[in-house]
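The values are calculated or read from the model by the stated rules, or taken from the named source; none is laboratory data. Values in this document were obtained by computation on a predicted structure and should not be read as measured data. Here the Cβ positions follow ideal geometry from the backbone for every residue, glycine too, while neighbour counts run over all protein chains shown. Calculation scope for accessible area: heavy atoms of the full protein, side chains included, ligands and nucleic acids excluded. Shrake-Rupley method; radii C 1.70, N 1.55, O 1.52, S 1.80 Å.
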Amino acid sequence: MWFLDKIKDNIIDKPWACAVDIILTALLIYGLIVFLKKNNAGKLVFFIVGLVALGIVLSSEFIGLSVLGTVMKYGIIIVTIAIIFLFPAETRRGMLKLASPRDTHEAYSTAYDVSDEELHGAINDIVRAAQNMSKKNVGALIVISTQNMPEHIIDSGTKLDAVLSCALLESIFNTKAPLHDGAVFVRGNRIVAAGCFLPLSQSNSIDKELGTRHRAGIGVSENYNVLTIIVSEETGVISIAQHGELTRYFDSQMLTDKLEQTYGLQATPDTARKRHRKG
């Protein structure tokens, strides 16, 4: 077959280039398979493998189907376009991670116009409010933002710009309060807005038992650099959504540690290692 002859010629003429070519191709195929499996599209793996195998066979000079063989050879382009249309949220998330790799691997390090003591006080209030609402099975959705959020999301709720407190958070999410159905946006030690509507995640990997509040928490974390705290109205379980991933069953200490990392008051393992190397 033509591609085998080409590989043989490259091995003789450019062995290093051929080795790099094979490694990069293998990594590309592996990454595609992992992506599809992670997004519950494992069955497509067999389709793609079959498509590639068929393309290799049909593109061979022995069979002589030049037009169909050419179409099959470029089938990977069709598959790539199909993936973009079939998995828009996952594609967008991946592009955001590539564009901002530091947001994925390091702690947030945003400077606020308040002291560390005031930030610790805000964290304590958030944790106490989450625990109190968890015990009472009061649903809550709190978005911790380290950057300015898009105006259309903030405008969907009611702007408050109020100093955060445990009592204020609990009163907002009181089932009789007009803003309890939406999300609260927090930046630093202030509540920016309440009753905000968030984009829902379209991921198929989310547990079917989880409702709209969890999908909204995951959805906003897929598209923006935020940490979302979700208190389940049915079970009282406290969960965290970050970078499109949901982690459940947070206790007060776990939540405190996560918030301290988010506010840059506690180093993550990655940042701690970097500081150690600098020292």
In nanometres, the difference between 0.36 nm per residue of separation and the alpha-carbon distance of residue 237 and residue 158 is 25.8 nm
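So if we plug the beta-carbon distance of residue 171 and residue 252 into 1/(1 + (r/R0)^6) with R0 = 22 Å, what FRET efficiency do we get, rounded to 0.05?
0.60
For the cross-link pairs 136/176; 135/258; 136/159, which exceed 22 Å when the distance is taken from alpha carbon to alpha carbon? Show your work: numbers first, answer last.
Working: 136/176 14 Å; 135/258 20 Å; 136/159 27 Å.
The answer is 136/159.
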Here, residue 265 and residue 128, labelled 7 Å along Cα→Cβ, have an inter-label distance in nm of 1.3
With a ≥ b ≥ c from the Cα gyration tensor eigenvalues, square-rooted, and the rule rounded for a/c under 1.5, otherwise prolate when a/b > b/c and oblate otherwise, segment 107-254 is rounded
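Give the calculated FRET efficiency between residue 23 and residue 147 to the nearest 0.05, with a Förster radius of 45 Å applied to their Cβ-Cβ distance. Each step should come with its number before you reach the end.
Values: r = 37 Å, r/R0 = 0.83.
Calculated transfer efficiency: 0.75.
Run the accessible area of segment 114-223 with a 1.4 Å probe and give the carbon-and-sulfur part as a rounded percent.
On the way: 2460 of 5110 Å².
Accessible surface attributable to carbon and sulfur in segment 114-223 totals 48 percent.
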Simple spin-label estimate for residue 85/residue 30, 7 Å along Cα→Cβ, in nm, reads 3.1
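Could you compute Rg(Cα) / (2.2 N^0.38 Å) for segment 138-225, with N its residue count? Walk me through the numbers before you get to the answer.
Working: Rg = 12.7 Å, N = 88, 2.2 N^0.38 = 12.1 Å.
Against the empirical 2.2 N^0.38 Å value, I get 1.06 for segment 138-225.
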For 176, 258, the accessible-area ranking with a 1.4 Å probe, largest leading, is 176, 258
